[in-house]
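Input: a single structure, listed below in structure tokens.
Computed from the coordinates by the stated procedures, all read-outs in this text should not be read as laboratory data. Bear in mind that the values here come from a model prediction, so they are computed numbers and not experimental data. All Cβ positions, even for glycine, are placed from backbone atoms using ideal geometry, and neighbour counts span all protein chains on display.
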Amino acid sequence: MKIRFLGAHNTETNTSGLMCLLIDERVALDAGSMTSRMPLAAQLAIKAVLVTHPHYDHIRDVPMLTMNCFLNGGKVHTYGSQAVKDALSGQILNGKIYSNFFARPVMDFHIVEPNTPFSVDKYQVLPVNVNHSVPANGYQVTLDGRSFFYTGDTGPGLEKCWGHISPELLIIEVTASNRFTDFGRDSKHLTPQLLKEELSAFRDIRGYIPKVVTVHMNPSLEDEIAIELKEVAAAIKCNISLGYEGLELEC
Ligand SMILES: [Zn+2]
Ligand SMILES: [Zn+2]
């Protein structure tokens, strides 16, 4: 699988984008900075959008993708929890803020349940509950025996989640630097210190630590986060790098 990072941050500027990963140019994980970074033909070629949770920075471009598909005879196959469906249908695509696409064939929404695997295109997908301030699922995506897991937004306390997955690559949020660790615990986000605890738990449960790529960094804190992640990688002897817009990874 080729994973292309369209957005890898928690805010948008001219140099940072909201969370959106594209697998083999076919399946999107979260829909933050998506349509602004894809030509129309590429948007129409997307087979599915898997959404982790209903926060704005993760669903933002679903409405625009849906409009583009509507105007060009396409269909948007969106996967997410009931909470994601409720947010999109009730708050945005409700006929007031934007068109009621849920009443039209262009929007094909599939509700996912944690720990219930399904197939999308040629991929096996397993949604697994993570610990965020609203209902949230990470996704393990598998093709030809190779897997990666994308957490979406999560705070600490992932032991249960680790019991369900065994990826070669872990794409995990680290929103803030260590001086915000109390904020991270409260608002359910990770810092390098909290990531270290979660990766140590992963090793206790699974016996290894996968290659780690962090996402959802606050751009203003990124330099600090990078220094602290180096210390974590050295301390627990694993491979950690920061994701960025334009990064392409093979898994
Ligand atoms: Zn977010
Ligand atoms: Zn969130």
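Odds and ends about this structure:
- Label-point gap, in nm, between ASP24 and ILE236 - each point 7 angstrom along Cα→Cβ: 3.1
- When you restrict to C-alpha pairs under 8 Å that are six or more residues apart and normalise by the size of the chain, the relative contact order lands at 18 percent.
- Helix 222-236 and the longest principal axis of the Cα set of the chain meet at an angle near 50°.
- Once the Cβ-Cβ distance of TYR56 and HIS110 is raised to the sixth power relative to R0 = 25 Å, the FRET efficiency obtained is 0.75.
- Close amide H contacts of SER241 (hydrogens built in the peptide plane, cut-off under 5 Å, sequence separation of 5 or more or a different chain): VAL212, VAL213, THR214.
- Taking amide H as placed 1.01 Å from N in the peptide plane, the amide H of THR52 sits under 5 Å from that of ASP30, each at least 5 places away or on another chain.
- Remark: the ASP204-ALA83 segment gains 40.3 nm on full extension, using 0.36 nm per residue and subtracting the alpha carbon distance.
- Label-point separation, ILE227 to PHE118 (7 Å along Cα→Cβ), nm: 4.5
- Partners of LYS96 within straight-line reach, counting lysines whose Cα lies under 17 Å from its Cα and excluding those fewer than 8 residues away in the same chain: LYS85.
- Antiparallel beta bridges, as assigned by DSSP with both residues in the chain, represent about 50 percent of the total such bridges.
- Here segment 2-250 is assigned +1 on the Cβ of each Lys and Arg and -1 on the Cβ of each Asp and Glu. Its dipole about the Cα centre then comes out at about 540 debye.
- Sparsely packed trypsin sites (Lys or Arg not before Pro) within segment 85-139, loop by DSSP, other Cβ within 10 Å at most 15: LYS96, LYS122
- Seen from VAL130, the other residues with C-beta closer than 10 Å to its C-beta sum to a net charge of 0, counting Lys and Arg as +1 and Asp and Glu as -1.
- Cα-based helix-to-principal-axis angle, 62-71 vs the chain, degrees rounded to 10: 30
- Segment 177-251: chymotrypsin sites (Phe, Trp or Tyr not before Pro) in DSSP loop, at most 16 other beta carbons within 10 Å: TYR208
- Distance from segment 110-181 to segment 202-251 (C-alpha centre basis), Å: 15
- Taking trypsin sites (Lys or Arg not before Pro) across segment 172-251, the ones in a DSSP loop with at most 15 further Cβ atoms lying within 10 angstrom of their Cβ are LYS237.
- Shape of segment 89-148, Cα gyration tensor, a/c cut at 1.5: oblate
- Prolate/oblate/rounded call for segment 134-251, Cα gyration tensor, a/c under 1.5 rounded: rounded
- A prolate overall shape is assigned to the chain, the ratio a/c of its alpha-carbon gyration tensor axes (a ≥ b ≥ c) being 1.5 or greater and a/b exceeding b/c.
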